[in-house]
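Q: Handing you this structure, nothing more for now.
The values are calculated or read from the model by the stated rules, or taken from the named source; none is laboratory data. Keep in mind it's a predicted model, so treat the numbers as computed, not measured. Here the Cβ positions follow ideal geometry from the backbone for every residue, glycine too, while neighbour counts run over all protein chains shown. Heavy atoms of the whole protein, side chains included, go into the accessibility calculation; ligands, DNA and RNA do not. Shrake-Rupley method; radii C 1.70, N 1.55, O 1.52, S 1.80 Å.
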Amino acid sequence: MKIYIANTGGTIGMMPSDKGLVANPAFADQLAGQLESSPELNHEFVVQSYDTPMPAANVVPKDWQTIARDIESKWEEFDAFIILHGTDTMAFTAAALSYMIAPSKKPIIVTGSQVPMCKARSDAMNNVLGAVSACEANLKGVFLFFGNRLIDGDRAHQSHIGTWQAFRSVNALEYGILESDWKWRDSSFAQLLIKPPMKIRIPEMDAGAVTVLPVFPGVQAQHWQGLLNPQVKGAVLLSYGAGTVPDADPALFDLLKSAVDQGVVIVNVSQCETGRIANNDTSENEALAKTGVISGKDSTYEAAFARLHFLIGLGLDSREIKGVFNR
């Protein structure tokens, strides 16, 4: 198997300096050497560090495009792809790739580490080797592997800091758990489904096109007005529990309706990590439904955010985007 490993940036490929952690220029060669020296890994590895590292906290939608185009340019040459990425925005990137390359006919595994590979007590090699093991299983799709958990790319959420298992699968079982051997999720039903042909679609995405509207005690319309500026075409509404928004202030609902009437697609996603947004016809969400806000169902906010960017980038209008979310 020929495996391409792209080091996009992040903690895994850094090293300490008198200025804190900085990119390790020898990382790609060091990782390739470790992988190739293992007698158990009978694969051809190509490890490449991006010329301009992408610190996770600075990742923007155009960086998702860069990674996807890199994969596309090497699609015929390699059997599997591993993307090394910083943890802060790893779930966003995994979700975005799962929409741009869908349904992937080859394994694309996004991973990284909490501690640089150069440190003695690091989770880096365990995560890289786990990603390699997932590639060996000949999976088809985009996944995030971290802390022995293999998660569907659009189901991953960073739930912990300072632990090896930093990510969890939201509203779905992990695709696989790697202990002494793999424990796979039962996918017998999914295998019966007829999947559409794979498409690689990498649209231009504007970082200002999508925003997040947080709900919190005391939230007022003025808190959201600046977020719903004329450049915005989509928004993720982070609501309470099963999708509720404070209804004591009519100005909040007036603002949402005004934005929707102007073509902004607003997707309602719960702040809770698990569960599903209630149907819009329930009494709790009836007023919100009248504004034109649509349900994100059981989506993570990372996936909803990335999906909005992707669909807007494709040039779909608000009606078409709502149709995709309502399927």
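Q: Could you tell me how many of the residues in segment 295-327 are surrounded by fewer than 22 Cβ atoms within 10 Å (Cβ to Cβ), touching a residue at least 40 places away in the same chain (Cβ under 8 Å) and aliphatic (A, V, I, L, M)?
A: Summing the residues that are surrounded by fewer than 22 Cβ atoms within 10 Å (Cβ to Cβ), touching a residue at least 40 places away in the same chain (Cβ under 8 Å) and aliphatic (A, V, I, L, M) in segment 295-327 gives 1.
This table checks each residue for (1) open to solvent by 60 Å² or more (accessible area, probe 1.4 Å); (2) outside any strand (DSSP E or B); (3) at pLDDT 95 or above; (4) within 25 Å of residue 182 (Cα to Cα).
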| site | (1), (2), (3), (4) |
| --- | --- |
| 33 | no, yes, yes, no |
| 42 | yes, yes, no, yes |
| 57 | yes, yes, yes, no |
| 69 | yes, yes, yes, no |
| 87 | no, yes, yes, yes |
| 99 | no, yes, yes, no |
| 117 | no, yes, yes, yes |
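Q: Part of a loop (DSSP other than H, G, I, E, B), aliphatic (A, V, I, L, M), at pLDDT 95 or above and open to solvent by 10 Å² or more (accessible area, probe 1.4 Å): is that true of residue 207 in this structure?
A: yes
Q: Same structure, new question: Looking at segment 180-199, I want the residues that are under 16 Å from residue 107 (Cα atoms) and open to solvent by less than 60 Å² (accessible area, probe 1.4 Å) and have a partner that is modelled with pLDDT of 95 or more and among the polar types (S, T, N, Q) with Cβ atoms under 7 Å, at least 6 apart or on another chain. Which pairs are those?
A: 198/104
Matching residues to (1) farther than 20 Å from residue 61 by Cα; (2) part of a helix (DSSP H, G or I); (3) within 22 Å of the chain's Cα centre (by Cα):
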| position | (1), (2), (3) |
| --- | --- |
| 230 | no, no, no |
| 246 | yes, no, no |
| 260 | yes, yes, no |
| 275 | yes, no, yes |
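Q: Let me ask another. Can you say whether residue 292 is of a type outside the set (A, V, I, L, M, F, W, C), surrounded by fewer than 21 Cβ atoms within 10 Å (Cβ to Cβ) and either in contact (Cβ under 8 Å) with a residue 60 or more places away in the chain or part of a helix (DSSP H, G or I) (or both), as far as the supplied structure shows?
A: It is false that residue 292 is of a type outside the set (A, V, I, L, M, F, W, C), surrounded by fewer than 21 Cβ atoms within 10 Å (Cβ to Cβ) and either in contact (Cβ under 8 Å) with a residue 60 or more places away in the chain or part of a helix (DSSP H, G or I) (or both).
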